[in-house]
Each structure stands twice: as C-alpha cells, then as structure tokens.
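Quick note: the coordinates plus some simple rules give every number you see, no bench work behind them. Quick caveat: nothing in here was measured; it's all calculated off a predicted structure. Note: ideal-geometry Cβ built from the backbone for every residue, glycine included; neighbour counts use all protein chains shown.
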Amino acid sequence: MQSQTQSGVPAVRQYGTSGKPVKVVANMFSIKSLPTQTIYHYDVVIAPLVERPGRDVDLNIRRGHEIVHRLQSMTEPSVFNPRAFFDGKKNLFSVGPLKMQGDAAEFVVSMADAPQPPGSTRGQFRVRLTKVNAINISRRANEVFSGGSDVSQIAVTFLQIVVRQAPMLKTNTFNNRSVFTPSNKKSLSGGFNIWNGFFQSVRPTLQGLVINVDVSHAIVYEEAPVLEWACTFLSKFASRRQRVQVQDLERLAEGDIKLLKTVLKGVRVTVSVPAGRRLARPIKDLVLNVGNYQFMQGEQETTINDYYDEKYGYRLRYPRLFGICVNVQQKIIVPAEICTISGGQMFKKMLMPEMMSEVLQQVTKNPRERLEAIERGVSGDFLDYKNSPFFSQIGMQVDPRPVETPARLLPPPDIQYQGSIVNLSTQAEKGTHGTWNVVRRQFFRPAPRCLWTVVSFAPQYFPLSSVEQSVGLLRQCCEKLGMSLLVVGGRAASAAGGVERALEEALSQLEATISTLGLKQRPPCLVLVVLPDSAAAQRKAVKAWGDVARQVATQCVKTMKFKNVNDQYCNNVALKINVKLGGINSYPIGQIYTGLNKEPTMIVGADVTHPGSGIRDRPSIASLVSSFDITFSRYAAFTRVQAPRVEVIEELEDMFLLALRYFHHVNRVAPRRIIFYRDGVSEGEYETVEEIEIKTLSDAWNRFAEYPESGIPKGIPIPLTFIVVGKRHHLRFFQGPGPNIKDKTGNVFGGLVVDRDVTSPHKPDFYLQSHPGLKGTSRPSHYIVLYNKLGFSIDIVQQISYFLCHAYARCTRSVSIPAPVYYADIVCSRAAFYLEESLGYSDFGSGTSFDLDAWKRGFNAPGPQSMYFI
C-alpha cells in the first residue's frame, strides 16, 4: 500500500487514477457571469417598537422577510430603489448605497393592515440598518477558491440570497435553502400535504461557482379548523387506531394529548371571534377543559365560557374541549373551536414512522424523472433564472445546462465465505452490480454451538404451534449456513404480564438446559422474540433487558413477516444472529485488504445524533465503534450522552482510549494504523472538528502510550487518517455522454467516484456512490480528508472506503457508507433503549430545562464485547 505524502494533510490536491474513466452529469449549474458593480452590505436589527414584558415576539425568517418587504414596498420605497436583497435575518445587500442619511438609519414599520387606535403600537417594528461594507462581488467571490476571507464568504452569501429572491416572492413556505409551492401538492394522511419545491445552494467548486439545484419536498399542515384537523390527525396517529369525532376529543388518553401538544406547538392559528381579527399567532400550549378555565377580569373571576358569551355574544359549542395558549406569560387562552390553522406551515418535527413510508412512496423519483424536474425548475418561471429581475439587476447569468464531470468506476472487492469466494467483478460483467447472496455458501466463521429459546408476545395473531414451524425453517436455514444450534422450547407470553418477566422465565429455561446437559462452559444463548407488527415499547424493553440487564443476545421478528417466512427472510435473520453470537458472515478481500493487514490496523466509525428540531431538553447521543480483528468485521461499541445539539464528541478521549485498550486486549498489540471515519459533521463544523477532535484523539493516544504494555515508544505521534463522511447534501450524479453506466433502476453503477470539477477547492475531498440503486435516485457519500498522518494517496483512501462499504454484516450488498460509519449510526439510534423510563426520552419533548448529569446517571450502555446493535 503506497503513500504519496508522509505527514499531515496533503498540501496539494490529489486526483485518483484507479478504475475505469467515465463521464457523468451533476445537478449543478455554472454561474457564467458575476456582478461587476459594487454591492453594499448592511447589518439589520429588527425589534418590536415597544418591548412588552411577558409578550412573546415571533421573529423567524419568514416574519423577517415580511417586515423588510413592507419596509421596501410601502414604508420607505424611495430609500430602496432599486430593491435590496435580504436574507430574513441579519444581512441586507443593495446595488449602490441606500438613499438614507449617513451609514445608519432607523425605520418604523407597521404590519397592521387596518388603521390602529391613536397611540397603539401593536404590530409595529423598529428596523435599524447599519452599513458594514462595500463589496466587489466578482473579485471577492473568486477569492473563495483560495480560502477567502469573511468578506469573500459574504459575497457568496449575497449570491445565495439573489437566487432565492424570485421564488420567495411567490410563496411564504421556505427554509434556509429550499422554497416550496402548493402547485401540484399531494395529500398525506393525518392532516398534512406534501409540497414540491427546489433546493438551491451557491457553491465554490474546482470548476468555478455553481448553483446546486435539487428537487425538495416539505410536509405542510393542512389549512383547516383546529378541531377538524385534530380529529384527522388523531384518527391516524392516536394510540387507539379508530376514527376520532369532535366529541371524542374530550376523552383523549394522556399519551394522545401529549402527542397533540407536541405536533401543534409553534403552529400559527387565526381566530374567528371577534370577527375580523386575522393576525396569526403561534400555539404555545394546549389547555384542557377550556370553557371552565378561570381567570381574573379586572377584579372579578370569570371563565372562558362566560367571557366569550358576555363580551362577544358567542357561547362555546364545545366548552369541555381543549383551548390554545398563545401567550404563556400573560396566560392568553383561546378556545380551539374558533381557531384555524394558517396555510403553508411546514411540519419541522421528526416524522412519525407511519408517515415515513407514505412520504417516500409519494416523493420518490427515479434518476431520469429527477433530472428532468430539476431542468424544468431551472428553465421555468418558479426559480426564474432566465428572466429574474434580480439576476438582471446585478448582471448575473446561469448556464441552464447541468454540469458534466469526469468520474471513474472502481473495481469491487471479492467476498470471502468459508471455502468459497464471490467474484463481484465477474457478476458485474453479467449485469449484477454490488449484490450477492448466500445460497449454497457457509458463513466464513459460524458462531459457536448455541442454545435458543423462543418467546412470542403475539399469540393472539400467531399461535405458538405455527411459531414453532417458522422457527424450524429458520433453524434449517442457519444450519445450511454452517451454524450449530439447539432450540430449547418456546412460550407464549403477554406483554401485559411484563416483558422482562417473560424473558427471565425463558432465560431460566436455557439455564436449566445447560445444567441438564452438564456443560462446563456456558455456550452462547439467544432469545428469539416474536412481536406484534407495531410494538415499539415491547422491542425497547426486550433490547434493554438483553443488551444491558442480562447481556444475552436477542433477535426480534415481526409477526407478519415471520408468519410468512421464506428462505430469503430466514437468510437475512441468520446474518444478524450469527454476528450477535460472535460469528463472521463474510468479509471483502483483495489488494486493499492485503495492504491493510501488513500492520495492525484499527478502523473507527463515530457519529453524533441530535434530538428533533427545536427540542432542547433531550441529550444528543455520541457513539464510537472500533474494529478489533483482521477481517474488519468485528467491532466494539461505546456510547455516551452529551449536551443537546453539540456537534463535537465531548467524551471522545475516554471513548477512544477504551477502544485502543480493547484492541490491545484482543490482539496483544497496539494498532499501528488508525483510519477514523467521522459521520454527522456539517460543512460549517469541519474546522471545529479538525481543531478539537484530532487533538483529542492524539491526547488519548498519548495516554494509551503511557501504559507499559502498549509497546508504543514515547513521543510517537498518533498514526491517524481522519475522514469526514457526509450524506446530508444535495449532489446527485446521472448518466453522462458515452457508454451506458446505469443499472436497471436508472442509477449509475456502484463504485462511481468523482474527485474533479465539482469538488471543493478548500479540502481534499471526493464523492463515492458505492451502492447499487434500490428505489429513487441514489445519493453519493461525500468524503473529506481532514488529516492524513498515514500518508495515504487519494486512490488508497477511495479504495479503502469502497472496500468497507462491502463489509456491512446485515445484508449481502454494498451499502452507501463504510460499515463502521453505519454501525456508529445504529448505535446512536439504539441508545434511546438504555435510558431510564423516568427521564422520558422522546423526540416529542418540548421542555426547556436540561440536566446532563441526570441523563448520564440514567444511561446504562451495553458493554463493548458483543455486536448487540446488528
């Protein structure tokens, strides 16, 4: 395995040469001409004209745009001629200086449509503009390619704002990068719609400035009366799946009330009583039995019911239903029956599992459909690149043709089984790309002889006698793959009687069998658990019991699939069981594998996942997995909780030190090479992660070297290559000119690597589409090499990454990211199972207080020795 540089990150970008050269099309569009004028940058501060104690002020991006739009179009149009560009938060740009006295000015903007009483300041805002700089956009934007400065980054920000201006005048539904339109919207069950839109991002690339354009979708609340919407939503998502009528809202289960509060929090509503009041207010909370809610009106106590009757002549129709709190401090409560959800509001919380499959079914586009939709967007009236007055105003032009870029197809590794090898290159020549099967093969290392028992929590759907038939088929499948097992009985159980109790009884049965057989050494044990199709709480209890409390392998199967079991399903389950019990299914081999094993090598995957959008009272989860065998198939896992939305792994030093010691414990030698893949890092965090985490890893290495048994000479720096892996991007690749390189789904073949033209001018990076297409348009993964002490050439980094995409134990196909990165992501997801119930961990949390120590005390992580997460 050759190196091209001996220390640090390569000073000069390298281009790979391995593989077959091809051409692909990317969903990027070149900016042909940049503004030549000087652009003036202003800082914007927006605040209510009069600050009212206890009054909530909703100044999000949408509201910011509305205020500045009114300032430019109605309040002071003469100051903004031509119209200025605003990002909705802090930055405003104009072609030429604004026509105001001096470099700063303050304006009062009234957002009220109707005349206000004398002295009223309701709906009035103070907007202060301060000149920051005058920028030559063309020169400053080009500085970005050499690293740039804050001013050059602002120049790119300006261009980003310009491309969004035209579509944002046509809709109020947008986020930081995408704009959406109700045109051709699709209905989604549960009170939502799917709106189509476009993502746009101005990006510096090796080829120049481009606009990355992609189709995008938003889940949007249906515009409807609140009570009607609540019935629709709960009919789909309530704990009891049945049609909900308005009167049923009086008798909701506690969990359903909590769910409804969470989903409606922050949603803006208009009020029909008194008539004419149309200002939308965000929901802060729900109040039960609203008609009887008591408050002081002057010196007299009254109820919501009496208040509306006496003041507006309106008698509540549903006084025992919930009301809406629109101001917590002032305790302003409005009956839900007079509220309507305003249109065009995006659902920003985590999708419920029931929504996910329906959404994917509605929005999935194959590559041809996706590229055609993007090209229509670029040439059409919504994005309006061709006729946009904002483009014309600054002399900006965009090429309507998507960028073509050179690429390469890497050869796949072979797959090693016991006594046989799968040659993926030969399969590719026959038309099968990136997939294989285990028919007539045996696992490379079957798990040791093990004992099973079965617990069914679904006897009412799947009788135990039928379960035993399916277990027999699964056992036959496992034995064909080389496993040896003994099934010890089975039992039907009720979750109402306690999941843990039923599992303990099953474990006692296993222990009794071990005693009867007179085994001196306890063999691996597995509890196969049959669950109803919707049993998230029971699955969580099973995993907490098996992974932490008893450290016994468990395998859950769903009733419907296990009832209709076939060979393919049994093979998939067997893949998981074998690894959980200590076996190795298969592993990729080839020149890269041989090179990696010339010295003891540890491969690491790390990730941080965060609670849902806007949730601040739940921790983020950090995980690290590390290989400890020569096949790079066995991984130890380490998990920690940390402060919410902190991207840097806070306890990385301790986790990595444990990984080093575990590697040494198993192999009796320290790793001589460490390849570290870091997931979950956004572009803006590269520098922070590079500065903090690489030093932290080095500190852990130095601590490890202090142990005499480590065998590391004093002062030896950490032998590390650190690579960030990203999936949260919108770049896609499509068939380009030349020979066909797409599979039956229309996606380009797995193994496609791109490291020219469309990559970053700042860091050595590349895109790798490692997996065969399944459905829709495949997304390549983005790899950024932040540190390369091992001195790997870019070819070697690309080949190692592709090699590891074939090492994922759960399936017989190459996957989209290296196996250790995938495992780290799964470990993060699984962590929720090991938090004490009293903490109430949920992505539907809505509180504000956070006690990290309490979360740490209530987190019981499994040990590193078993791959429980498979």
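Under 18 Å Cα-Cα from residue 561, which lysines qualify once same-chain neighbours fewer than 8 residues away are excluded?
576
Would you work out which of 549, 262, 210 lies farthest towards the positive end of the dipole of the chain? Charges go on Cβ: Lys and Arg +1, Asp and Glu -1.
The Cα lying farthest towards the positive end belongs to 210.
Helix-only estimate, please: 222 nm mean residue ellipticity of the chain, summing -39500 (n - 2.57) across DSSP H runs of length 4 or more and dividing by its residues, to the nearest 500.
One gets -8500 deg cm²/dmol as the mean residue ellipticity at 222 nm.
State the cysteines of the chain left without a partner when partners are defined as other cysteines whose beta carbon lies under 4.7 Å away.
Isolated Cys, the chain: 231, 325, 339, 450, 478, 525, 556, 805, 811, 828.
Give me the angle, in degrees from 0 to 90, between the Cα long axis of helix 499-517 and the longest principal axis of the Cα atoms of the chain, rounded to the nearest 10.
Long axis of 499-517 versus the principal axis of the chain: about 10 degrees.
Which links in 185/744; 598/695; 563/775; 742/775; 185/348; 284/349 stretch past 19 Å when you go from one Cα to the other?
Values: 185/744 29 Å; 598/695 27 Å; 563/775 26 Å; 742/775 13 Å; 185/348 17 Å; 284/349 15 Å.
Long pairs (Cα-Cα over 19 Å): 185/744; 598/695; 563/775.
With 10 angstrom as the radius, rank 405, 609 by how many other C-beta atoms surround their C-beta, starting from the fewest.
609, 405
Which residues does a label at residue 851 reach in the range 616-630, if reach means a backbone N under 15 Å from a point 7 Å past the Cα toward the Cβ?
So the set is 617-619.
What ranking of 363, 821, 220 emerges when the number of other C-beta atoms within 10 Å of each C-beta is taken as an exposure proxy, fewest first?
Lowest count first: 363, 220, 821.
Express in nm, to one decimal, how much length is gained between residue 20 and residue 504 on full extension, taking 0.36 nm for each residue of separation and deducting their alpha carbon distance.
168.6 nm
What angle do you read, to the nearest 10 degrees and between 0 and 90, between the alpha-carbon axis of helix 652-667 and the longest principal axis of the chain?
Compared with the principal axis, the helix lies near 10 degrees.
Once R0 is set to 30 Å, what does the formula 1/(1 + (r/R0)^6) return for the Cβ-Cβ distance between residue 550 and residue 350, expressed as a FRET efficiency to the nearest 0.05?
0.50
What relative contact order, as a whole-number percentage, does the chain give when Cα pairs under 8 Å and 6 or more residues apart are counted?
Values: 1769 pairs, mean separation 128.5, N = 870.
Once divided by the residue count of the chain, the mean separation gives 15 percent.
How far, in degrees from 0 to 90, does helix 567-580 lean away from the longest principal axis of the Cα atoms of the chain, to the nearest 10?
Value to nearest ten degrees: 80.
Arrange 556, 450 by Cβ neighbour counts within 10 Å, fewest through most, would you?
If I rank by nearby Cβ atoms, fewest first, I get 556, 450.
Given points 7 Å out from each Cα along the Cα-Cβ axis, report the residue 43 to residue 667 separation in nanometres with one decimal.
In this crude spin-label approximation the distance works out to 5.2 nm.
Taking 0.36 nm per residue of separation and subtracting the Cα-Cα distance, what length does fully extending residue 113 through residue 69 add? Walk me through the intermediate numbers first.
On the way: separation 44, 0.36 × 44 = 15.84 nm, distance 1.41 nm.
Length gained, residue 113 through residue 69: 14.4 nm.
Between residue 366 and residue 124, what is 0.36 nm times their sequence separation minus the Cα-Cα distance? Round to one decimal in nm.
82.3 nm
Go through the range 170-184 residue by residue and turn each phi into a ³J(HN,Hα) via Karplus (6.51, -1.76, 1.60, θ = phi - 60°); whole Hz please, and just put x for glycine and proline.
9, 8, 9, 10, 7, 10, 4, 10, 10, 10, 10, 10, x, 4, 6
How big is the dipole moment of the chain about its Cα centre under a simple scheme where the beta carbon of each Lys and Arg is +1, that of each Asp and Glu is -1, and everything else is neutral? Debye, nearest 20, please.
Dipole of the chain, to the nearest 20 debye: 1600 debye.
DSSP loop (so not H, G, I, E, B), at most 15 other Cβ within 10 Å: list which trypsin sites (Lys or Arg not before Pro) in the range 631-740 pass both filters.
Details: sites: 634, 640, 645, 661, 668, 672, 673, 678, 695, 703, 714, 727, 728, 732; in loops: 634, 645, 668, 672, 714, 727, 728, 732.
Of the trypsin sites (Lys or Arg not before Pro), the ones in loops of the range 631-740 whose Cβ has at most 15 other Cβ atoms within 10 Å are 645, 668, 672, 714, 727, 728.
If the only charges are +1 at each Lys and Arg Cβ and -1 at each Asp and Glu Cβ, what is the size of the charge dipole of the range 226-341 around the Cα centre, to the nearest 20 debye?
Dipole of the range 226-341, to the nearest 20 debye: 600 debye.
Work out the FRET efficiency for residue 310 and residue 591 from their Cβ-Cβ distance, taking R0 = 51 Å, and round it to the nearest 0.05.
Numbers: r = 85 Å, r/R0 = 1.67.
That gives a FRET efficiency of 0.05.
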